[in-house]
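First up is the structure itself, then whatever we jot down about it.
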Amino acid sequence: MFLFLVGVRLLAMRYFGLFALLCSMLSAAWDHTALSASKVVKDVKGSCQILVPESWTVSADNNGSAVLQDASNAIAVVTSQPDQVFKPLTESMQKLMRIAKDKMFENSAKRIFYQDKIARDLADTNAFSTMVPGKNGTCSARVVFLSSISEEVLKKIALSVGPVPE
């Protein structure tokens, strides 16, 4: 009888262990598509916006930011620069800003997207910056995050920056 109970207990532990593993895989998979169900974050002027997953908290004072749990995990900010003409960054500007060539993901007439901060360790943060043409200037987003958070989701947030649709 004792061996039977031990066997049942081991089977239950295996079942719940597999269940927990499956749940964690599903939640990770959900995070990769999180922007399909998203919240809109608008800048202070209401000109530009980004999208963040439902699990993020948009600032109550409408300052164009949202956080994942709290700002120490991840924060996304959207801003607008009225009357700033959008144009790709020149080579000399990239050097001045210390953007590594392999971290400049796009530098075109439609978008500038790069990683401007790389974590030195797990306690340090990474950051993506994006700029696109706005209606009357430039829309910008910056996403700062710990290394433990999926870069794929954060890239989607950064790439969602754009003017507020009319």
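A few comments on the model shown:
- Exactly one residue out of Ser92, Ser72 is among the polar types (S, T, N, Q) and modelled with pLDDT under 90, and it is Ser72.
- Boolean, Val67 is in contact with a strand residue (DSSP E or B) (Cβ under 8 Å, 6 or more places away or on another chain) and within 18 Å of Leu146 (Cβ to Cβ): yes
- In the range 44-71, the residues that are on the phi > 0 side of the Ramachandran plot form Cβ pairs under 7 Å with partners that are outside any strand (DSSP E or B) and crowded, with 21+ Cβ neighbours inside 10 Å, at six or more places apart or across chains, as follows: Gly64/Asp43.
- Single residue of Phe128, Phe113 found to be in contact (Cβ under 8 Å) with a residue 24 or more places away in the chain, closer than 16 Å to Ala71 by Cα and buried (at least 18 other Cβ atoms within 10 Å of the Cβ): Phe128
The values are calculated or read from the model by the stated rules, or taken from the named source; none is laboratory data. This is a predicted model, so every value here is computed, not measured. Counting neighbours? That spans all protein chains shown, and the Cβs are built from the backbone with ideal geometry, glycine included.
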